[in-house]
Amino acid sequence: MSIEHDVNKEVDCSGMLCPMPIVLTTKAIKEVDIGEVIKVISTDAGSPPDMKAWARQTGHELLEYVNDETVFTFYIRRAN
Amino acid sequence: MGTSNVETKRLALIASKGTLDWAYPPFILATAAGAMGWEVGVFFTFYGLTLLKEDIEPAVTPMGNPSMPMKMPFGPEGFQNIDWPIPQLAMNIPGFNSVATGLMKQTFKNKGVATVGELRDMAVDLNVSLIGCQMTMDVFGFEKEDFIDACEIGGAATFLEYASEADVSLFV
């Protein structure tokens, strides 16, 4: 299902609603080095479009997005 | 990602209302924009100014607010989904507002929404500029000391100059 990624940091936003997933993602991405990957888990149904918009706006690379019914998992590489 | 959009954008918000329901939109937008790397300024005016107080306890009332769902944040799911028809007259009962406020806060908590205070702390962490309106302070008798340290004070010209360089400006 998911491609293997070397994950340097994991953030679990389960049960949290907007804007927490992108706020915690922002915090986490600042804590890894450029080129490293974070994994973000969210149950907020608004996360898929929001996380994509966040990636476009910040320039970080959304490597993969896995939708497991009600759980969304994002792999993001720090780009800058 | 190919083309990365990394030039800094700016969001200018006016927060003019201090009730619980209206306190959320400016703080949610400010923190989301801050998380996206935008420069954000929120100008707090009129009743919105109370959101800069050290201890914020925004309340909400269904009075004159017929679209507000009146639901219970406890009990079985079917019970929680009932939208209670509360007559406007009943809303005059002393303590009704605090009950309504308590119920809405509990609902937000149950659903995983951060409190207004938590969102404000996050906004400060994300370097959002919080600007209090000097004119409203004079009208309502507030001093700079009544507000959190992170806020600045300004007037209409301060906001307009800031907003003139903004990509998105909203009045809430």
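Any read-out appearing in this document is the output of simple, stated calculations on the displayed coordinates, not a laboratory observation. In this text, all values refer to a predicted model and were calculated from it rather than measured experimentally. All Cβ positions, glycine included, derive from the backbone under ideal geometry; neighbour counts span all protein chains shown.
Tabulated results
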item: Convex hull volume per residue for chain B, taking Cα atoms only, in Å³; result: 148 Å³
item: Selection of chymotrypsin sites (Phe, Trp or Tyr not before Pro), chain A, meeting DSSP coil and at most 16 other Cβ within 10 Å; result: none
item: DSSP-loop GluC sites (Glu not before Pro) across the stretch B:2-90, with at most 12 other Cβ within 10 angstrom; result: B:GLU7, B:GLU54
item: Cross-link partners of A:LYS30 among lysines (Cα-Cα below 20 Å; sequence separation of 8 or more within a chain); result: A:LYS9, A:LYS39, A:LYS52, B:LYS9
item: At q = 0.11, 0.12, 0.16 Å⁻¹, base-10 log of I(q)/I(0) for the protein assembly as shown (Debye sum, equal scatterers on each alpha carbon); result: -0.70, -0.81, -1.19
item: Of B:ALA35, B:ALA157, B:ALA59, the one that fluctuates the most in a GNM where chain B has Cα springs shorter than 10 Å; result: B:ALA157
item: Beta bridges by DSSP in the protein assembly as shown, antiparallel share as percent, to the nearest 5; result: 35 percent
item: Using alpha carbons only: equivalent-ellipsoid semi-axes of the stretch A:28-77, gyration tensor based, whole Å; result: 19, 12, 8
item: Förster-model FRET efficiency, 41 Å R0, B:ASN81 and B:LEU170, C-beta, rounded to 0.05; result: 0.80
item: For the stretch B:71-172, convex hull of alpha carbons as volume per residue, Å³; result: 183 Å³
item: 10 Å Cβ neighbours from other chains, averaged over peptide B:112-120; result: 3
item: Counted charge near B:ALA166, where neighbours are those whose Cβ lies closer than 12 Å (Asp, Glu -1; Lys, Arg +1); result: -2
item: Spin-label pair B:ASN97/B:GLU152, simplified geometry with 7 Å Cα→Cβ offset, distance in nm; result: 3.3 nm
item: Cβ-based net charge around B:LEU103, under 13 Å, with every Lys or Arg adding one and every Asp or Glu removing one; result: +2
